[in-house]
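All remarks here apply to the structure that follows.
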Amino acid sequence: MTNPFQPGSDVVPDVWAGRVEQLSDWRDVLRPRRHAGLYETGRTILGEPGTGKSSLVRRIARLAADAGDWVTPQLRMPAGADPLRLVASAVLRLADTAGLRATARQAVLDLLARVEQLAVTGFSVKLREQDGPEPFTSLFELLVEIGLAAIEQDAVVLIHIDEVQNISDEAALSQLLIALGDALAHQVDVVAPGGVVVERYLPIAVYLTGLPDFEDMAGARKGATFARRFRTITLAAIDEDDLAQALQPFVIDGWETPTADGATETVRMTPDAVRALIALCCGEPFLFQLAGQRAWNAGTAPVVEEDDVRRGWQGAEGEASAHVERILNRLPQREREFVEAMAALPPALRTLTTIAERMGVPSATQVGPFSQRLDTVRGIIVRGKPYSFRNRAVEAYLSTDWPHVR
C-alpha cells in the first residue's frame with residue numbers, strides 16, 4: 001500500500017530519477033522567459049515507450065500548478081479522436097480560470113460561443129458547415145484572450161498534449177499546430193512602468209509528448225513552421241549516477257512510510273541492493289520503477305537487501321522483457337536488423353562498415369540512413385567511433401547481458 005515506486009505510464013513516481021536538464025529547462029528557461037514576455041519555443045518531448053515522457057511533463061505541470069500557474073490536464077489523444085475538440089474543451093476550462101465568462105465584452109462572449117461549438121461538434125463538422133472563421137482561428141483568438149488575462153493576473157499558462165502521434169488527420173494536426181504556434185509567436189502591446197507602451201509575447205507554454213514517429217508527421221509534412229516554433233527533445237536512458245542519487249535517501253536517512261496502525265516506519269536499502277537495482281534496470285525509467293516496486297514488495301524487514309532485489313526481479317523479468325520487445329517491435333525491419341547486427345558485434349568493432357557487413361549489405365552508405373534515424377529520431381544508438389547503444393536495455397536484451405536472475 002505504501003510502495004513509493006510506481007511503474008506505468010502517466011504517473012509521477014515518488015522516487016524520481018534524472019531528467020534534471022528538462023526540469024531545469026522549465027524552471028530556469030521556459031517559464032521565466034514566457035513570464036517576462038520574451039519569446040521561447042514550445043517543447044516537443046519524444047521517446048520510445050517507457051522513457052518517462054508523460055511523467056516528466058506531468059511533474060512539470062505539478063510544479064507549475066503549485067506555483068499558481070494555469071495548467072490544462074494531460075490531454076491524451078486517442079487514435080482517431082478529434083484533437084481540436086479535445087483541446088477546445090481544455091482551453092474553455094482555462095477561460096473559466098481566467099474569468100473570461102464574466103467579461104462585458106461582447107466580442108469575447110461571441111468567441112467563447114464559437115469555441116464551445118468547436119468543443120461540441122468537432123473539427124470535421126465545423127469544416128463541413130463552412131460558416132464563420134476556421135476552427136484554428138477561433139482557438140488561437142481565445143488563447144490570446146487567455147494570455148492577456150494571464151498577464152493581468154501574473155500567471156503562466158501551460159498546455160500539455162500527450163500521445164500526439166495518434167493524430168492521424170493531417171488537416172486537424174495542421175490546424176492544431178498552427179493555432180498553438182501562432183499563440184506562442186503572438187505579440188501584444190502592454191503599458192510598462194512610466195507609461196511606455198512595449199511589445200511582449202504571451203505567457204503561454206506548450207508541451208507536446210509522444211513517440212518518435214511524431215517528428216516525421218509534424219516536421220516533414222508540415223514544413224519549417226513547426227520546427228521554428230517547437231524544439232524537439234528526445235529522451236534517452238537515465239545515467240547510473242542519477243539513479244544512484246534517486247536511491248540515496250534510502251541508504252542515508254531511510255524512506256519514511258506509514259504503518260497499518262497509523263505510525264511511521266523507516267525503510268532503508270543497503271548499498272549492495274542499490275547497485276543491484278541500478279544494474280537490473282539498464283537506465284530505463286520504467287524498468288527502474290518496476291525493479292524498485294518488486295524489490296520493496298519482496299522484503300518483509302525494514303531493510304531492502306540485495307536478495308530482495310533479485311527475488312523481486314524474478315517475478316518482473318517477463319514484464320521487463322515484454323517492455324523491450326515493444327520497443328523492438330516498433331522498429332521497421334531494416335532498423336531492427338541494424339540494432340541486432342550491432343549488438344552481435346563486440347563493442348570495439350561496432351563501426352558502420354562492420355555493422356553493414358554483418359547485415360549482408362555491401363556498402364556502409366546503404367545503412368547510413370537507418371543509423372541516423374536510430375540515433376537522432378529514436379535515441380536508441382549513438383553514432384560515435386565506435387557506435388554504441390544509448391538504450392542500454394535494448395543492448396542488454398539483444399546480447400548476453402540481459403539480467404536473468406536465478
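Would you check the accessible area of Asp401, probe 1.4 Å, heavy atoms only, in square angstrom rounded to 10?
Looks like 100 Å² after rounding.
Figure the gain on full extension for Ala279 and Arg383 (residue separation times 0.36 nm, minus the Cα-Cα span) and round it to one decimal in nm.
That pair, Ala279 and Arg383, stretches by 35.1 nm at full extension.
With +1 on each Lys and Arg Cβ and -1 on each Asp and Glu Cβ, how big is the dipole of the chain about its Cα centre, in debye rounded to the nearest 20?
Values: 42 positive and 54 negative charges, 184 e Å.
The calculation lands at about 880 debye.
Between Asn297 and Ile252, how high is the FRET efficiency from 1/(1 + (r/R0)^6) when r is the Cβ-Cβ distance and R₀ = 30 Å? Nearest 0.05. Before the final figure, lay out the partial values.
Numbers: r = 23 Å, r/R0 = 0.75.
Computed FRET efficiency for Asn297 and Ile252: 0.85.
Using heavy-atom solvent-accessible surface (probe 1.4 Å) with all chains present, what is the largest-first order of Arg33, Arg85?
Arg85, Arg33
For Arg34, Arg334, give me the order by solvent-accessible area with a 1.4 Å probe, most accessible first, ignoring ligands, DNA and RNA.
Sorted descending by solvent-accessible area, the residues read Arg334, Arg34.
Just to make sure I understand: if all protein chains stay in place, what is the order of His35, His404, His323 by accessible area at 1.4 Å, largest first?
Highest to lowest solvent-accessible surface, that is His404, His35, His323.
Sort 354-365, 188-199, 203-214, 266-277 for me by packing, meaning the mean count of neighbouring Cβ atoms within 10 Å per residue, highest on top. Spell out each step's value before the answer.
Working: 354-365: 15.7, 188-199: 8.9, 203-214: 23.5, 266-277: 19.0.
So the peptides 354-365, 188-199, 203-214, 266-277, ranked by packing, come out 203-214, 266-277, 354-365, 188-199.
Let me check against my output: what whole-number percent is the relative contact order of the chain, with C-alpha pairs under 8 Å and at least 6 apart?
Relative contact order comes out at 19 percent.
How much accessible area per residue does the chain have, counting only protein heavy atoms and a probe of 1.4 Å, in square angstrom?
45
If you take the charge dipole of the chain about its Cα centre, with +1 on Lys and Arg Cβ and -1 on Asp and Glu Cβ, which of Tyr39, Pro332, Thr97 is farthest toward its positive end?
Selected residue: Pro332.
Tilt of helix 170-185 relative to the longest C-alpha principal axis of the chain, in degrees (0 to 90, nearest 10)?
The helix 170-185 is inclined about 70 degrees to the chain.
Could you pull out which residues in region 145-166 have an amide N less than 16 Å from a spot 7 Å beyond the Cα of Ala36, following the Cα-Cβ vector?
Under 16 Å, as judged by backbone N against the label point of Ala36, lie 156 of region 145-166.
Which order, highest average first, do 296-308, 104-116 follow once you tally other Cβ atoms within 10 Å for each residue and take the mean per peptide?
Sorting 296-308, 104-116 by mean packing, highest first, produces 296-308, 104-116.
Could you tell me how many degrees, from 0 to 90 and to the nearest 10, lie between the Cα long axis of helix 53-66 and the main elongation axis, the longest principal axis, of the Cα atoms of the chain?
The angle comes out at about 50 degrees.
Please identify, among Asp14, Asp261, Asp182, the residue showing maximal mean-square fluctuation in a Gaussian network model of the chain using a 10 angstrom Cα cutoff.
Asp261
Cα axis of helix 106-121 to longest principal axis of the chain: angle in degrees, 0 to 90, nearest 10?
Roughly 40 degrees, rounded to the nearest 10.
If I stretch the segment between Asp272 and Asn329 completely, what's the gain in nm (0.36 nm per residue apart, minus their alpha carbon distance), one decimal?
Residue separation times 0.36 nm, minus the Cα-Cα distance, leaves 17.1 nm.
Please report, in cubic angstrom per residue, the volume enclosed by the convex hull of the alpha-carbon atoms of region 280-406.
Residue-normalised Cα hull volume stands at 107 Å³.
Kirkwood hydrodynamic radius, computed over distinct alpha-carbon pairs, for region 12-91: how many Å, to one decimal? Numbers along the way, then the final one.
Working: mean 1/r = 0.0697 Å⁻¹.
The answer is 14.3 Å.
Keeping all protein chains in position, work out how much accessible area Arg101 exposes to a 1.4 Å probe, and write it in Å² to the nearest 10.
110
Quick check on the chain: helices-only [θ] at 222 nm, where DSSP H runs of length 4 and up contribute -39,500 (n - 2.57) each and the sum goes over total residues. Nearest 500, please.
Calculated at 222 nm, the ellipticity per residue is -15000 deg cm²/dmol.
Work the Kirkwood hydrodynamic radius out for the chain: mean of 1/r over every pair of different alpha-carbon atoms, inverted, in Å.
23.5
Run the numbers for Gln187 and Ala348: contour at 0.36 nm per residue of separation, minus the present Cα-Cα distance, in nm.
So the extension gain works out to 52.7 nm.
Whenever you get a sec, compute what percent of the accessible area on the chain sits on carbon and sulfur atoms (1.4 Å probe). Intermediate results must be reported in sequence, preceding the final value.
On the way: 9110 of 18080 Å².
On the chain, the fraction of accessible area on carbon and sulfur atoms equals 50 percent.
The values are calculated or read from the model by the stated rules, or taken from the named source; none is laboratory data. Just so it is clear, the model here is predicted, and its values are computed rather than measured. Heads up, the Cβs are rebuilt from the backbone with ideal geometry, glycines too, and the neighbour counts pull from every protein chain shown. Quick note on the areas: whole protein, heavy atoms, side chains included, nothing else; ligands and nucleic acids left out. Shrake-Rupley method; radii C 1.70, N 1.55, O 1.52, S 1.80 Å.
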